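The values are calculated or read from the model by the stated rules, or taken from the named source; none is laboratory data. These numbers come from a predicted model, not from an experiment. Virtual Cβ from ideal backbone geometry, glycine too; neighbours counted across all protein chains shown.
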Amino acid sequence: MYKNLRGRPGRVLAAVTVAQFVFALDMSVVNVALPAIRADLGFAPLDLSWVVHVYALTFGGLLLLGGRACDLYGRRRLLLLGLAVFGLCSLAGGLAQSPWQLVAARAGQGAGAAAAAPAALAMLTTTFAEGPRRVRALGVWSAANAAGGALGVLAGGLLTEYTSWRWVMLVNLPIVATALALLPAGGPAEETGRAQAPPVRRERPDVPGAVLATAGVGLLVFGVVRTDVRGWGSPATLGTLAAALALLTAFAVTEARTSAPLLRPGLLRSRWVAGANVLVFLAAAGQFTAFYFVSLYLQQVLGLGAAATGLAFLPFSAGLVAGTVLATRVVARRTPRAALVPGAVLATAGLAWFALISPDGGFLTDVLGPSLVTSIGTGLVLAPVAAAGTTGVAAREAGTASGLLNSSRQLGGCVGLAALATVAAHRSGGATDPSALNSGYATGLAAAAGLFALAALVAIGVLPRRRPPAAGHAPGHPAPLTPAENRLEGTRS
């Protein structure tokens with residue numbers, strides 16, 4: 001085992017942590033800048049949402065493909081490629097002079113993130129063997145993921161108010177450069193996706209599965225994110241979602257019949273993998289919704305500016321990191337379930353407290369307390385769910401499992417936010433006065449609490465109570481790791 005986190009393992013951890021931070025940051029940093037972007041580039045009101053939606057569309061739609069590609073062609077290679085594409089598109093977005101240029105740049109960012117995010121998590125799980133060291137590494141990774149999402153609101157507010165909206169895109173460049181500089185050159189981390197047994201090396205990509213999965217997930221995200229304009233019951237929405245369901249059904253049939261599937265059905269027979277993906281879907285839906293409604297409450301009801309709204313999220317960021325650190329200590333001694341259940345319960349309580357917001361409230365009375373409770377609970381969920389979702393997964397499928405987990409997180413955020421935004425809008429009745437808006441946001445936050453309650457039930461009812469089995473011996477994995485894979489897992493001293 002590695003005796004410390006210095007050397008190659010430490011550099012891998014540092015590189016993938018910085019990479020995950022910038023991907024999470026980009027999910028929220030743009031939101032606060034949307035009014036400034038509209039004024040500068042002349043977006044039509046109905047087109048402005050595509051600055052956010054197109055990133056979610058390409059990121060979510062390509063994650064499964066990116067995860068499988070990094071298993072076949074090398075995780076380090078895909079991480080380098082994804083980071084390079086993400087950085088170049090960030091530069092293009094910061095220099096955009098028209099709406100279509102910015103939307104195209106955001107689509108490119110999503111594609112780059114879809115290649116790099118599963119590669120980063122797969123490098124982490126194949127560098128650190130299952131046990132306390134992997135738990136600690138995943139804790140650091142999860143803390144960066146949480147901090148990126150929360151600090152994105154702060155960074156977006158400060159950059160928009162004191163510099164220019166363009167810096168919400170350009171700020172990615174030094175972060176991407178740091179990740180690239182930290183990434184070790186060559187060696188085991190690079191060979192993880194290719195140093196397998198000969199049959200894996202000669203394996204052909206599952207092109208039909210890739211097309212069906214990308215099209216199906218992409219249509220699902222597209223149908224969901226456009227409900228803000230067309231509504232859930234419109235023929236366009238229902239038709240899009242029906243087409244997505246048909247494509248995903250065809251994908252499932254194809255994967256069951258092909259000899260080299262994009263997503264092996266046996267992987268989902270593991271209770272750890274299946275339970276973690278359902279749980280992260282629900283938790284992401286609740287987390288994204290909390291960010292969205294609390295941000296709107298601060299600005300539209302309490303009247304705070306962009307920078308002040310960002311600063312108001314600092315306690316949330318601190319709580320996420322604290323919860324992640326606590327979860328790392330718990331999981332190192334017990335199982336992911338031991339942190340997931342109390343974390344989901346705590347997040348449920350925090351969001352239920354948030355649902356008591358008032359039009360005449362304030363930061364100290366309505367935001368600070370529930371922010372800390374919700375964020376600590378969410379932090380307790382984030383690190384364990386990453387550990388649970390990669391438990392018992394052989395190195396040869398680490399990228400696939402990572403892509404699946406990221407895809408579930410992304411879909412959960414998109415579907416949950418779109419659904420609960422509709423619920424909130426229905427509750428407010430289309431009125432824009434603070435009292436009506438407050439009622440809608442409170443209803444949305446209460447529904448988010450319900451999602452975390454469901455996540456707690458999944459953790460209790462699906463995830464095993466026993467300590468995770470060793471990699472390569474989990475249900476659905478017929479063969480143990482090869483000697484090369486064991487070396488790559490870091491099991492030799």
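The single condition from (1) touching a residue at least 40 places away in the same chain (Cβ under 8 Å); (2) more than 21 Å from V224 (Cβ to Cβ); (3) surrounded by 18 or more Cβ atoms within 10 Å (Cβ to Cβ) that G112 fails is (1).
Scanning the range 233-286 for residues that are surrounded by fewer than 17 Cβ atoms within 10 Å (Cβ to Cβ), touching a residue at least 40 places away in the same chain (Cβ under 8 Å) and more than 25 Å from the chain's Cα centre (by Cα) yields T258, A260.
Here L64 passes the criteria (1) closer than 24 Å to G94 by Cβ; (2) assigned to a helix (DSSP H, G or I) except the one numbered (1). Remark: pairs (first residue in the range 204-229, under 19 Å from A285 (Cβ atoms); second residue of a type in the set (D, E, K, R) and assigned to a helix (DSSP H, G or I); Cβ separation under 9 Å; 6+ apart in sequence or on different chains) = G223/R230. The set of residues in the range 79-95 that are surrounded by 21 or more Cβ atoms within 10 Å (Cβ to Cβ) and among the hydrophobic types (A, V, I, L, M, F, W, C) comprises L79, L83, F86, C89.
Look through the range 152-167, keep the residues that are under 19 Å from the mean Cα position of the chain (by Cα) and modelled with pLDDT of 80 or more, and return whichever of them is nearest to R38 (Cα to Cα). Steps first, please.
Kept after step one, since they are under 19 Å from the mean Cα position of the chain (by Cα), are these residues of the range 152-167: 152-156.
Among the residues that remain, those that are also modelled with pLDDT of 80 or more are: 152, 154-156.
Values: G152: 19, L154: 20, A155: 19, G156: 15 Å.
Across the range 152-167, the extreme among qualifying residues is G156.
For the range 413-446, residues that are in a helix (DSSP H, G or I), closer than 21 Å to V225 by Cβ and not aromatic (F, W, Y) total 20.
The requirement of being in contact with an Asp or Glu (Cβ under 7 Å, 6 or more places away or on another chain), in the same structural domain as V51 (by TED's automatic domain parsing) and either modelled with pLDDT of 95 or more or more than 15 Å from N172 (Cα to Cα) (or both) is fulfilled somewhere in the range 81-99, by at least one residue. For the range 18-40, the set of residues classified as touching a residue at least 24 places away in the same chain (Cβ under 8 Å), aliphatic (A, V, I, L, M) and either crowded, with 24+ Cβ neighbours inside 10 Å or closer than 17 Å to L102 by Cβ (or both) consists of A19, V22, L25, M27, V29, V30, V32, A33, A36, I37, listed by residue number.
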